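What follows is a single structure, written as structure tokens, with notes after it.
What follows is calculated from the coordinates using simple rules that are stated; it is not laboratory data. Everything numeric in this text was worked out from a predicted model, so none of it was measured. Quick reminder, even Gly has a Cβ in these numbers, built from the backbone with ideal geometry, and neighbours come from all protein chains shown.
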Amino acid sequence: MTTVVSDTGVGPLLRGWRERRRLSQLELALRADSSARHISFVETGRSRPSQEMIIRLAEHLDVPVRDRNALLLAAGYAPRYAESTLDAPELETLRDGIARLLQGYEPYPALVVDGSYTVIAANRAIAMMLDGLPEHLLTPPMNVMRITLHPEGLAPRIRNLREWRGHLLAQMERQIAFARSDALRAVYEEVTAYPLPEPSGADDVEDPEPYPYFALPLRIEHDGRVLSFVSSISTFNTPMDVTVAELAIETLLPADPATVEYLRSLEA
């Protein structure tokens with residue numbers, strides 16, 4: 001994935017991020033230890049910001065790392081953040097740590113995805129849940145949103161599909177609003193076009209009582225049982241590499257004792 005630089009200059013780009021975050025020039029100036037006058041001059045092109053100023057403004061605007069490079073390039077500076085491939089030697093420690101982490105989560109399902117939900121790595125519990133899916137969904141690069149919502153994927157097995165689908169689509173919408181990603185938008189447009197599978201038996205039937213859970217669960221049928229999970233997502237703190245900044249580790253934690261017992265029985 002390459003960084004796309006607008007030809008409008010750094011000022012309009014910064015103004016766009018400020019407006020997206022719904023901050024006034026004065027609010028941004030106070031946060032960045034600057035002045036509203038200077039922010040105005042930067043946005044209109046009357047003043048060229050330094051590299052440090054661009055980074056400081058980007059931090060206070062919560063601009064994604066990839067787009068911080070785009071801001072620097074638009075101002076005529078070199079990118080600050082590297083974009084390594086996952087097999088690069090400098091990321092060997094990261095790869096080893098991810099592998100150990102995923103293994104440590106077993107027997108609970110866990111996987112690592114990039115910014116467009118392409119699966120980077122997964123543990124054996126994830127493989128168990130994907131058993132029986134068609135090969136065209138499991139051929140790399142696999143996409144977790146496609147696998148989950150495709151009519152030939154996990155969708156027919158998810159008992160609360162409408163709720164879970166709505167949760168995933170809302171999650172993607174928030175991410176698209178936060179970071180301009182053509183790849184993520186393409187995935188979103190693809191999965192929203194999938195038809196909802198027809199209910200089969202007990203599938204997609206609402207529970208008569210509210211969920212006795214602390215968060216919306218993923219209720220999915222596996223081997224004649226209904227397993228319940230809640231999703232937890234972790235990202236890396238203060239990353240200095242574009243690739244690392246866009247990685248996320250998702251863990252499916254059991255939401256009831258029956259799911260815990262079943263997963264532990266598989267491990268045994």
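Starting from the 7 Å offset along Cα-to-Cβ, what nm value, one decimal, do you get for the label separation of Glu267 and Glu59?
4.0 nm
Using a Förster distance of 25 Å, how high is the FRET efficiency between Val260 and Arg162, based on the Cβ-Cβ distance and rounded to 0.05? Could the numbers behind the result be given before it?
On the way: r = 26 Å, r/R0 = 1.04.
Efficiency, rounded to the nearest 0.05: 0.45.
Taking the Cα centre as origin and putting +1 on Lys and Arg beta-carbons and -1 on Asp and Glu beta-carbons, what dipole magnitude results for the chain, to the nearest 20 debye?
Details: 27 positive and 38 negative charges, 264 e Å.
Computed charge dipole of the chain: roughly 1280 debye.
From the C-alpha coordinates alone, can you work out the Kirkwood hydrodynamic radius of the range 42-113, in Å? Spell out each step's value before the answer.
Working: mean 1/r = 0.0665 Å⁻¹.
One over the average 1/r among Cα pairs gives 15.0 Å for the range 42-113.
Using 0.36 nm per residue, how much length does the chain from Ala78 to Gln103 gain when fully extended, once their Cα-Cα distance is taken away? If you can, show how the numbers build up before the last one.
On the way: separation 25, 0.36 × 25 = 9.00 nm, distance 3.85 nm.
Roughly 5.1 nm would be gained on extension.
What is the sum of charges around Glu83, taking Lys and Arg as +1, Asp and Glu as -1, for the other residues whose C-beta is under 15 Å from the C-beta of Glu83?
Numbers: positive: Arg66, Arg68, Arg80; negative: Asp67, Asp87, Glu90, Asp114, Asp241, Glu246.
Net local charge, Glu83 excluded: -3.
How large is log10 I(q)/I(0) at q = 0.11, 0.14, 0.22, 0.23 Å⁻¹ when the Debye formula is applied to the Cα atoms of the range 10-74, each weighted equally and without solvent?
One equal scatterer on each Cα of the range 10-74 leads to -0.19, -0.31, -0.83, -0.92.
In 5 Å bins starting at zero, report the fraction of Cα pairs in the chain per bin as a rounded %.
For the chain, the pair-distance distribution reads 1, 5, 11, 14, 15, 14, 11, 9, 8, 6, 4, 2, 0, 0.
Take the Cα coordinates of the range 91-203, assign each an equal point scatterer, and use the Debye formula without solvent to give log10 I(q)/I(0) at q = 0.14, 0.15, 0.19, 0.21 Å⁻¹.
So the normalised log intensities work out to -0.64, -0.74, -1.12, -1.28.
Compute the relative contact order of the range 10-74 as a whole-number percentage, counting only Cα pairs closer than 8 Å that sit 6 or more residues apart in sequence. Walk me through the numbers on the way to the answer.
Working: 50 pairs, mean separation 26.0, N = 65.
So the answer I get is 40 percent.
So, R0 is 30 Å and r is the distance between the beta-carbons of His38 and Arg180; what FRET efficiency does that work out to, to 0.05? Spell out each step's value before the answer.
On the way: r = 25 Å, r/R0 = 0.85.
Here the calculated transfer efficiency is 0.75.
Out of all DSSP beta bridges in the chain, what portion is antiparallel? Express it as a percent rounded to 5. Write down the numbers at each step before the final one.
Details: 21 of 22 bridges.
Bridges in the chain that DSSP calls antiparallel: roughly 95 percent.
Could you give the nm distance between label points at Leu133 and Ser232, where each point is 7 Å from its Cα heading toward the beta carbon?
The answer from the label model is 2.3 nm.
Once label points are set 7 Å from the Cα along Cα→Cβ at both Glu90 and Arg20, what is their separation, rounded to one decimal in nm?
2.5 nm
In what sequence do Arg225, Arg48 fall when counting other Cβ within 10 Å, fewest first?
Working: Arg225 10, Arg48 15.
By the 10 Å Cβ count, ascending: Arg225, Arg48.
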